[in-house]
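Participant: Structure provided below as structure tokens; questions to follow.
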Amino acid sequence: MKTTWTLDSTQSDVLIKMRHSIIAYLGGTTNKFGGYVNIEDNEIEDASVEFSLDINNKTESFQQIDTNLQLQDFFDVDEHPIISFKSTSFQKINNNINFFKGDLTIKDVTRVVELDAEFIGVNNYNGEKKVAFEIKGDIKRQDFGLDYNSYHHNGGLALGKDIKLIANLEFSI
């Protein structure tokens, strides 16, 4: 039996960073998340995950931590406001460590990436069943056309070639 868990955006967040700089912290209470995880017969090794993130949300409480790197400059958010991921395979290593392989779309580019997924666990909260993952991955900027003249915008410190994506995602049924 397949169970579909829906992403609870108020309990989720995403951190996007590079060496020497945090680009943005996107808290679910102020940003739009969408997504779900399907789990077959309560076995995590059969999970499939899909999520999307609207990075063009301009609420007053949006936290732009590093003013040197604007999301607008980096991701061209007016033209391409959604970052999305859809898993194509899932590999369970042990109870907590897993790998998702899937299609990541940033701007108008889709590439296959592998993300580490730590299964945090299942619990009940206020009578609602929850499941939580921490998903991490290093994404090569150039693969997605994320070029940025970083030398001048970061006090002369060269930024890394990879973007680190850390997503804490909580799902409920």
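Participant: Which of the residues that make up the stretch 42-66 are of a type in the set (D, E), in contact with a strand residue (DSSP E or B) (Cβ under 8 Å, 6 or more places away or on another chain) and at pLDDT below 75?
Facilitator: Residues satisfying the conditions are E45, D46, D66.
Participant: Go through the stretch 130-172 and report how many residues are open to solvent by 80 Å² or more (accessible area, probe 1.4 Å) and at pLDDT 80 or above.
Facilitator: 6
Participant: Something else: Give the stretch 2-41 a look and list any residue that's touching a Phe, Trp or Tyr at 6+ places or on another chain (Cβ under 6 Å), part of a loop (DSSP other than H, G, I, E, B) and surrounded by fewer than 19 Cβ atoms within 10 Å (Cβ to Cβ), or say none.
Facilitator: The one that is touching a Phe, Trp or Tyr at 6+ places or on another chain (Cβ under 6 Å), part of a loop (DSSP other than H, G, I, E, B) and surrounded by fewer than 19 Cβ atoms within 10 Å (Cβ to Cβ): T30.
Participant: Quickly run through the stretch 102-129 and pick out the residues that are touching a His at 6+ places or on another chain (Cβ under 9 Å) and open to solvent by less than 20 Å² (accessible area, probe 1.4 Å).
Facilitator: Selection gives I106 alone.
Participant: Moving on. Which ones in the stretch 84-101 are open to solvent by less than 80 Å² (accessible area, probe 1.4 Å) and either in contact (Cβ under 8 Å) with a residue 60 or more places away in the chain or among the hydroxyl-bearing types (S, T, Y) (or both)?
Facilitator: Across the stretch 84-101, the qualifying residues are S84, S87, S89.
Each row is one residue, and each column tells you yes or no for (1) touching a strand residue (DSSP E or B) at 6+ places or on another chain (Cβ under 9 Å); (2) without any contact (Cβ under 8 Å) to a residue 40 or more places away in the chain.
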| residue | (1), (2) |
| --- | --- |
| I106 | yes, no |
| T110 | yes, yes |
| E114 | yes, yes |
| N123 | yes, yes |
| G127 | no, yes |
| K130 | yes, no |
| F133 | yes, no |
| G137 | yes, yes |
| Q142 | no, yes |
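Participant: Condition first: touching a residue at least 60 places away in the same chain (Cβ under 8 Å) and over 13 Å from the mean Cα position of the chain (by Cα). Now tell me which residues in the stretch 1-20 satisfy that.
Facilitator: Result: T3, T4, W5, T6, D8, Q11, M18, R19, H20.
The values are calculated or read from the model by the stated rules, or taken from the named source; none is laboratory data. Predicted, not measured: the structure shown is a model, and the values here were computed from it. Positions of Cβ are generated from backbone atoms using ideal geometry, with glycine treated the same way; all protein chains shown enter the neighbour counts. What goes into the accessible areas is simple: the full protein's heavy atoms, side chains included, and nothing from ligands, DNA or RNA. Shrake-Rupley method; radii C 1.70, N 1.55, O 1.52, S 1.80 Å.
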